[in-house]
Amino acid sequence: MDKVKTVVGIDIGGTNTIFGFVDRSGNILAEDQIMTAHYDEPEVYVAALYEKIMITAQKTGRELEILGFGIGAPMGNINKGTIEYPADMPWKGIIPLADIFARHTTLPVIVTNDANAAAVGEMIYGGAKGMKNFVVITLGTGLGSGFVVDGKLVYGHDGFAGEIGHTVIRPGASNRDCGCGRKGCLETYVSATGLKRTVLKIMADRLDDSELRKHSFEELNSVMIYEAARRGDPVALEAFEHTGAMLGFKLADVVAHTNPEAIFLFGGLALAKELIFEPAKKHMEENLLYIYRDKVKLLPSELSTQNAAVLGASSLVWSSLEADGA
């Protein structure tokens, strides 16, 4: 049996890490995940992840030839192979992720921002095919963003361009603490965690009956809020309206900066569909400069929430191999 050439695409999130074996055509041959939040030390995490990858490869029943590892992670720096001061991860400071991986493999390891990986996945395999200018916003535990301008990912001077999740939308010492150490960042309002915080704030300020009142903050999650909103819960509906409005307000700035053809929403919170898209689109259009109005599409990712970042991360390795003539 001939070996199947694959690369491993890895999407590291604050809660889960998803990985897949991807062939040159973008087919995911097998995938699995581990809990990121279960590991307090990055060295222990990488060892567990690498072991799970190898076990999953064996379970496929096929002979896989792994050519490299592409990793998308919050605050991933493609220039250094590091994760630097991630806000929603169990580790702090600068984590030399590629170097830690190199203790387990001699194969190429490429690290980039998770939202950049999702943007590459959208460009190659999803709704951004043929687009030269677009933005991907990832809505998960935090908020990430990947910018493509004139057909190229924007990395900036040292690899950290496009972090709109950590631009301040509510300045002032009384506003929400962010994991990055500042206050009032967009992701403290627009993310799965931000949605929970908004629900708690609404319930503290108002007396509306809500099924969400029976849950503690630890118990509550974005799926519960979504399901309550579908049932007409006033607190859940107000929380989605507020979250979408904050996102739309900031997207108007994004349009002014990069003039994209489309903005794609990716991640668990985007699965709320019109609950997040309608207020986001409304408030984006209301705050746009006139020359941009009714020109920018706000679209859902055309890839599954699991696959986009995995495919994008894997494509980093395939692109590198092709550039080297492999």
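The distance from the alpha carbon centre of region 257-326 to that of region 46-65 is 30 Å, rounded to a whole number.
Helical content of the chain, expressed as a calculated mean residue ellipticity at 222 nm, amounts to -11500 deg cm²/dmol (DSSP H runs of 4 or more residues, -39,500 (n - 2.57) each, divided by residue number, nearest 500).
Taking a 18 Å limit on the Cα-Cα distance, which of the listed pairs K129/K152; K201/K282; K273/K297; K250/K281 fall beyond it? Please report the intermediate quantities before stating the final value.
Values: K129/K152 13 Å; K201/K282 23 Å; K273/K297 15 Å; K250/K281 11 Å.
Correct reply: K201/K282.
Look at the alpha carbon pairs under 8 Å that are at least 6 residues apart: their mean separation over the length of the chain gives a relative contact order of 20 percent. Global dimensions of region 141-184 from alpha-carbon coordinates: Rg and Dmax equal 13.0, 40 Å. Does region 89-175 come out rounded, prolate or oblate, given a ≥ b ≥ c as the square roots of the eigenvalues of its C-alpha gyration tensor, rounded meaning a/c under 1.5 and, failing that, prolate meaning a/b above b/c? Taking the square roots of the gyration eigenvalues as a ≥ b ≥ c, region 89-175 is oblate. Overall, the chain carries a charge dipole of about 400 debye about its Cα centre when +1 sits on the Cβ of Lys and Arg and -1 on the Cβ of Asp and Glu, all other atoms neutral.
Once the Cα atoms are used to define both axes, helix 192-205 deviates from the longest principal axis of the chain by about 20 degrees. Plainly put, region 131-300 has a radius of gyration that is 0.98 times its Kirkwood radius, both from alpha-carbon atoms, as the Rg/Rh ratio. For K196, the lysines whose Cα comes closer than 16 Å to its Cα, not counting residues fewer than 8 places off in the same chain, are K214.
Take the Cα of H257, step 7 Å toward its Cβ, do the same at D2, and the gap between the two points is 4.5 nm. Going from the residue with the fewest nearby Cβ atoms within 10 Å to the one with the most, S145, S222, S174 rank S174, S222, S145. To the nearest ten degrees, helix 114-125 and the longest principal axis of the Cα atoms of the chain are 70 degrees apart. Between G13, N259, Y45, the Cα set farthest toward the positive side of the dipole of the chain (charges on each charged residue's Cβ, about the Cα centre) is that of N259. Put in line by how crowded their Cβ is, counting other Cβ atoms within 10 Å and starting with the fewest, D233, D23 read D23, D233.
Assuming a viscosity of 1.002 mPa s and a temperature of 20 °C, what translational diffusion coefficient in µm² per second does Stokes-Einstein assign to the chain, Rh being the Kirkwood radius over Cα pairs? It would help to have the intermediate numbers written out before the result.
Working: Rh = 20.2 Å.
Estimated via Stokes-Einstein, D reaches 106 µm²/s.
Laboratory data are not the source of any read-out in this text; all were calculated from the coordinates shown. Nothing here was measured: the structure is a model prediction, and the numbers come from that model. Backbone-built Cβ (ideal geometry, glycine too); neighbour counts: all protein chains shown.
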